[in-house]
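Since the structure comes first, as C-alpha cells, the remarks are kept for the end.
The values are calculated or read from the model by the stated rules, or taken from the named source; none is laboratory data. Everything numeric in this text was worked out from a predicted model, so none of it was measured. Every residue, glycine among them, receives a Cβ derived from its backbone with ideal geometry; neighbour counts consider all protein chains shown.
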C-alpha cells in the first residue's frame, strides 16, 4: 500500500495529462459528462411528449393535427441535426472546462496559506501542500506517521466517521487547531475506487493557526483584575512593645513598605483600617509577586523602631472570579485561610484551587482573652437555642479530640441540652481514657454513639460541634455537616484548602497547643459556673499532655493556664500518667526506630517504625519522631509507619523547619512543627525517596535553610 501511495499519489493535485495519475477529485469531469448527457436525454423526452400530444390532437381537430405535425417534424429535424453536429464539440468543451477547473482547484489547494495534508488510516502521510511542509519542516516525500512530528495526533484522536474532529496542538511556539475529517475512498469514484482495495478511507488534515488569538486571550487575561487584602497579624502586640513617641513612626514605616511594594507593580493600595490594606492590581502584576515569593513578608519583619516583636503580614488574593465582587470574596477567604494557618504567609484563591506561599515562622501566641470570651458566649447562645448537640472529632480519634469533645459535652449538659459524642472506632490511644466513662452511671448509653446512630437521631433543630479538625472529609461523620443548620468548629490545626464551609461559629487558632486547651479556655468563659467531673478533667488534661509531649512541645502561657484550671477541676496528674503507660513491645519498637534512623543532608532524621504486633503503630511512630528531635543537630524528623496497607508519615521539628509545608507537598498537613501524611500503593523505600525529594525541593526553593 505504501508503494502505491508513493507512485500514484505523490501529488494528487498536480496537473497531469495521463488519466490514471489525475488528482483525487478526477471523478468530477465524469460526473459533469453525465449531467450533459442527461441534458440531451431531456430534449429527446420532450420531443416524444410533443409527438404524443400531436397524436391526441388528431381526434379533436384533423386540421390542427396537420399544422402541429409540421411543427413536430421541424423540431425533430432541428434537434437531430444539432445533437449530431454539436454533441461531440459540446462534450469536449464541457470536459475541458471541468478539467481546467479541476487543475485550478488543485493549484489553489497547493498554494493556499493554510497547511493541508492527506493521511492514510494509520496516520502516514500521503500528500501535503507547501504550507504544511513549512510548518513541519519536511517535504512531500515524507511518509512516516504524523505522530512523529505532532505527538498529539495519534490514531486515538483520528475521526471514526465523517464528522470533523478538532485537536489543539503546539508546534515551535505556535498554537494550532488540527481539523481532521475522514473521507471514504469509495466515494471518490472514477479511477480512485481502486484505493478502496487497500485503504477504506483517508484523512484530510488542515492546521488553523490560533497563535494570535491565544496571545490576545492571554493579554486580556493578564489585564484582568485581581483583589488583595493585607492584614497585619500582630498589630496590637507590636504596638504595645513600642514607646508612645515611636508608634506613629512604626505605622508610617509599615505603610511605606506596603505602598512601595504595590506601586512598584503598578497596583493600587488603600488603607481601610489601622491594620488592613485593600490592594487592586492586574493578574500579570500578581505573577510578578509570585515570582518574588512575596518578599514583602520578609521585608516588613525588618521594620524596627525599638519594637521587641517583628511585624508579620497575612496576604490574601482572589482572581479568576466571574465578577469583581467574587474576586473580593476570594480575597477575604484567602486572607482568612492565611490567618487560620498562623499568619506570615500569602494565600491565592482561584475558583477551584488555593496556593500557599510562606508560613515558615511560628505564630505568636496572643495573650488577649477577648477573642476566647467572645467565642465562648457565641457558643453558649448557639447551644441554648438547639434541641440537641452532636460532638465529633477526626477519624481514628486521639486523646486530644476526645478530651475536647468531653469539654463541649459538659457545656451542653450544663445548659440542659441533650449531647452525644460520635466515635466510630475505639482506637488503642483512646481505650484507656474511654474506660473512665464505661459503666459510669453519670453517662447514659447514648453518651457515645456511632455515625449511623447520629444520622438517625439528628433533627432539624440540632447543632454539630467539630473539634480538633477543620476538614470535612476527616470528621467522624461528614454527612452530619449537611444535616445540621448550625455548625461550630473549634480546632488548633492550621486551615488548609479543604475546610468546613458555612460554619455558624469558627474558632481556629493555630498557636494553641491542643484542642483541649482551647475548650478549657472556652469552658471558663461560658459563664454558667460549669463544673467538670474528675474523669472529664482527666480526659482534657490527658489531651494536652499527649499533644504537647509532656508540655515540651508548643506549650505556651495559655497551655499552662488551661492545665492549672483542669487541675483545680479535679484532674489527677498521677492517674493521667498511668493512662498513657506503654507496653514493653511498644517501647522496644520506638527505640528500634530511633536507633536505625538515617541522617539525611546533615539535619534531617528519617526512619521506619515497623508496627508488626503493636497495638497502635502510628502512635509509636509519632513518638519516635519526637524522640529523634533530641539528637543534636537534627532540625526535623520523619518516621514512616507501614500500617493497614498504607504508609503513615509523622513529621516533627523544633523551630527551624516548617514540617507542615513538607507534608502538604505530600498531600498531608498539620502544624508548623508537627504534621503528617499518608501514602497508598507505595513501598517503604518509595516513601523514603519521596520524603527526600520533598526535602531537596524545599531546600532549592528556599523554604528550608540547610
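Right, residue 274: more than 32 Å from the chain's Cα centre (by Cα) and at pLDDT 90 or above or not? Even if it seems obvious, please write down each step before you answer.
On the way: more than 32 Å from the chain's Cα centre (by Cα): yes; at pLDDT 90 or above: yes.
Judged against the criteria, residue 274 is a match.
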Subject >> Looking only at segment 601-635, and only at residues there that are surrounded by fewer than 17 Cβ atoms within 10 Å (Cβ to Cβ) and in contact (Cβ under 8 Å) with a residue 60 or more places away in the chain, the one that is nearest to residue 687 (Cα to Cα) >> reply: 601
Subject >> Selection count, segment 643-676, where residues are more than 25 Å from residue 589 (Cβ to Cβ) and either assigned to a strand (DSSP E or B) or not assigned by TED's automatic domain parsing to the domain that holds residue 623 (or both) >> reply: 1
Original post:
Restricting attention to segment 643-665, and to residues there that are out of contact with any helix residue (DSSP H, G or I) (no Cβ under 6 Å at 6 or more places or on another chain) and closer than 14 Å to residue 691 by Cβ, which single residue is surrounded by the fewest Cβ atoms within 10 Å (Cβ to Cβ)?
Top reply: 664
Original post:
When you go through 417, 380 one by one, which is the residue that is surrounded by 17 or more Cβ atoms within 10 Å (Cβ to Cβ), on the phi < 0 side of the Ramachandran plot and touching a strand residue (DSSP E or B) at 6+ places or on another chain (Cβ under 6 Å)?
Top reply: 417
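Which strands (runs of 3 or more DSSP E) sit wholly inside segment 198-294 and have at least 2 residues that are crowded, with 18+ Cβ neighbours inside 10 Å?
201-209, 225-232, 276-282
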**OP:** Return the residue satisfying two criteria in turn: it lies in segment 583-600 and is crowded, with 17+ Cβ neighbours inside 10 Å and without any contact (Cβ under 8 Å) to a residue 40 or more places away in the chain, and of such residues it is farthest from residue 638 (Cα to Cα).
**Re:** 586
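Within segment 97-104, does at least one residue satisfy the condition of being closer than 30 Å to residue 205 by Cα, touching a strand residue (DSSP E or B) at 6+ places or on another chain (Cβ under 9 Å) and modelled with pLDDT under 60?
Checked against the condition, which is being closer than 30 Å to residue 205 by Cα, touching a strand residue (DSSP E or B) at 6+ places or on another chain (Cβ under 9 Å) and modelled with pLDDT under 60, segment 97-104 yields no hits at all.
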**OP:** Go through 697, 689, 678 for me and flag whichever is under 19 Å from residue 293 (Cβ atoms) and out of contact with any helix residue (DSSP H, G or I) (no Cβ under 7 Å at 6 or more places or on another chain).
**Re:** 697
**OP:** Please enumerate the residues belonging to segment 472-491 that are assigned to a loop (DSSP other than H, G, I, E, B) and either assigned by TED's automatic domain parsing to the domain that holds residue 339 or free of Cβ contacts under 8 Å to residues at least 40 places away in the same chain (or both).
**Re:** 478, 479, 485
Original post:
Somewhere in segment 221-229, is a residue in the same structural domain as residue 322 (by TED's automatic domain parsing) and farther than 17 Å from residue 350 by Cα?
Top reply: no
Original post:
Is it fair to say residue 389 is in contact with a strand residue (DSSP E or B) (Cβ under 9 Å, 6 or more places away or on another chain), modelled with pLDDT of 90 or more, more than 20 Å from residue 547 (Cβ to Cβ) and not assigned by TED's automatic domain parsing to the domain that holds residue 620?
Top reply: yes
Subject >> Unmet criterion (only one of (1) touching a strand residue (DSSP E or B) at 6+ places or on another chain (Cβ under 9 Å); (2) more than 28 Å from residue 623 (Cα to Cα)) for residue 529 >> reply: (1)
Original post:
Is it the case that residue 397 is in the same structural domain as residue 543 (by TED's automatic domain parsing) and not in a helix (DSSP H, G or I)?
Top reply: yes
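Let's see how each residue does on (1) modelled with pLDDT of 90 or more; (2) assigned to a helix (DSSP H, G or I):
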| residue | (1), (2) |
| --- | --- |
| 545 | yes, yes |
| 549 | no, no |
| 552 | no, no |
| 555 | no, no |
| 559 | yes, yes |
| 564 | yes, yes |
| 570 | yes, no |
| 581 | no, no |
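Would you be able to say whether some residue in segment 257-269 is over 24 Å from residue 295 (Cβ atoms) and at pLDDT 90 or above?
Step one: of segment 257-269, the residues over 24 Å from residue 295 (Cβ atoms) are none.
No, because not a single residue in segment 257-269 is over 24 Å from residue 295 (Cβ atoms) and at pLDDT 90 or above.
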Subject >> When residues of segment 295-321 are limited to those that are in contact with a helix residue (DSSP H, G or I) (Cβ under 8 Å, 6 or more places away or on another chain) and in a helix (DSSP H, G or I), the one surrounded by the fewest Cβ atoms within 10 Å (Cβ to Cβ) >> reply: 299
Subject >> Out of 268, 281, 289, 315, sole residue that is under 33 Å from the mean Cα position of the chain (by Cα), on the phi < 0 side of the Ramachandran plot and touching a residue at least 60 places away in the same chain (Cβ under 8 Å) >> reply: 315
